[in-house]
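Data block below; observations after.
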């Protein structure tokens, strides 16, 4: 499965308020940093490990780097679309951040 790398500041906020009963389910495990890093959820949490397990269940290879960082290879598993569907239209990815900011 492709993994979305995202530098968007809204992603963590959206994922924080994501309902576990969302229908259809949102593939939260596929969102990683723009460097391929699985973000830590803070001390004493297991969110990064749960994300690793969910990605590995989809045959995405996760490796451990220095300081116990969990990384995926975006060259192998990344998703880099030129455009995406938005409100029934195909929109260039460069414009998507603006559309999200202005609430279109």
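Derivation of every value follows stated rules applied to the coordinates shown; laboratory data play no part. If you're wondering where the values come from, they're calculated on a predicted model, not measured in any experiment. Using ideal geometry, Cβ is built from the backbone for each residue, glycine included, and neighbour counts are taken over all protein chains shown.
Calculate the FRET efficiency for residue 76 and residue 23 from the Cβ-Cβ distance with a Förster distance of 35 Å, rounded to the nearest 0.05.
Once rounded, the FRET efficiency stands at 0.70.
Using Cβ counts within 10 Å as a stand-in for footprinting exposure, how do 72, 38 rank, fewest first?
Fewest-to-most ranking of 72, 38: 38, 72.
Each label point is 7 Å from the Cα along the Cα-to-Cβ direction; what then is the distance between the points at residue 41 and residue 14, in nm?
1.9
Could you calculate the FRET efficiency of residue 84 with residue 53 from 1/(1 + (r/R0)^6), where r is the beta carbon distance between them and R0 is 30 Å, rounded to 0.05?
0.60
Mean separation of Cα pairs under 8 Å and 6+ residues apart, divided by the residue count of segment 20-80: what relative contact order is that in percent?
After rounding, I find 29 percent.
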